[in-house]
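A short worksheet on the structure shown next.
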Amino acid sequence: MMIKNGGGPQKSIGVVQSKDQSQKYRVHLEWVDSEGWKPVKMDVLKTLDGAY
């Protein structure tokens with residue numbers, strides 16, 4: 001799993017893949033006060049190259 005800044009202090013982007021590496025996703029997250037991280041968008045990836 002890789003995480004990086006999503007363009008602001010309350011936004012992040014995570015790239016994850018299944019254990020067998022057959023499924024790859026880019027997940028956009030936003031921080032919600034008093035609740036935590038909320039996924040707001042998910043992209044299915046064919047490769048992790050250039051995933052950000």
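Quick notes
- In the chain, the portion of solvent-accessible area held by carbon and sulfur atoms comes to 50 percent [1.4 Å probe, whole percent, DNA, RNA and ligands not counted].
- These residues, ASP49, ASP33, go from largest to smallest accessible area, 1.4 Å probe, as ASP49, ASP33.
- In plain terms, the chain from GLN21 to LEU45 could stretch by 7.5 nm, reckoned as 0.36 nm per residue minus the Cα-Cα distance.
- The trypsin sites (Lys or Arg not before Pro) found in the chain that occupy coil by DSSP, while having at most 10 further C-beta atoms within 10 Å, are LYS19, LYS46.
- Per residue, the chain exposes 78 Å² of solvent-accessible protein surface, assessed with a 1.4 angstrom probe and all protein chains in place.
The values are calculated or read from the model by the stated rules, or taken from the named source; none is laboratory data. Remember, predicted model here, so these are calculated numbers, not experimental data. For neighbour counting, all protein chains shown are included, and Cβ atoms are generated from backbone atoms with ideal geometry for every residue, glycine included. Accessible surface areas use protein heavy atoms only, side chains included; no ligands, DNA or RNA. Shrake-Rupley method; radii C 1.70, N 1.55, O 1.52, S 1.80 Å.
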